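The block underneath contains the structure these notes are about, expressed in structure tokens.
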Amino acid sequence: MNGYGEVPGWWTTQPNTCPVALFRCEHGLVSPGMAAEMTGLVPGTLPVVDLPDTGHHPMLDQPLALVTGLRTLLAVWPDTPI
């Protein structure tokens with residue numbers, strides 16, 4: 001990682017071979033602009049779940065919002081063979 005506020009180098013160099021999603025905390029390290037840039041780097045669709053009123057530890061800050069986001073994402077997650 002080049003520093004806070006920049007997309008990590010591994011994000012752009014590793015091939016994406018499985019479904020991915022991004023959980024973005026309102027007061028976390030990933031800004032809305034960074035999330036948009038990351039979305040543009042992923043072939044296909046990158047679901048972005050914004051968690052309001054959360055910092056670096058969403059499971060402590062807003063556990064119900066995190067569980068709701070996870071359950072919603074998993075309900076629509078594509079079926080892929082393991």
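We did not get these values from a lab; they are worked out from the coordinates using the rules stated. The structure presented is a predicted model; accordingly, all values stated were derived computationally and were not measured.
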Report task. Step through the residues of segment 27-39 one at a time and calculate ³J(HN,Hα) from phi using the Karplus curve (6.51 cos²θ - 1.76 cosθ + 1.60, θ = phi - 60°), rounding each to whole Hz and writing x for Gly and Pro. Result -> 10, x, 7, 8, 7, x, x, 5, 4, 5, 5, 5, 4
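Extension gain Val76-Thr39, at 0.36 nm per residue separation less the Cα-Cα distance, in nm?
Values: separation 37, 0.36 × 37 = 13.32 nm, distance 1.79 nm.
Working it through step by step, the gained length comes to 11.5 nm.
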Query - Cα gyration tensor, segment 19-76 - rounded (a/c under 1.5), prolate or oblate - result: oblate
Report summary line: Taking placed amide H atoms and a strict 5 Å upper bound, the residues 5 or more places from Val30 or on another chain that come that close are Cys25
Report summary line: Sorted by chain and then number, the residues having a modelled amide H within less than 5 Å of the amide H of Val49, at least 5 places away or on another chain, are Leu22, Phe23, Arg24
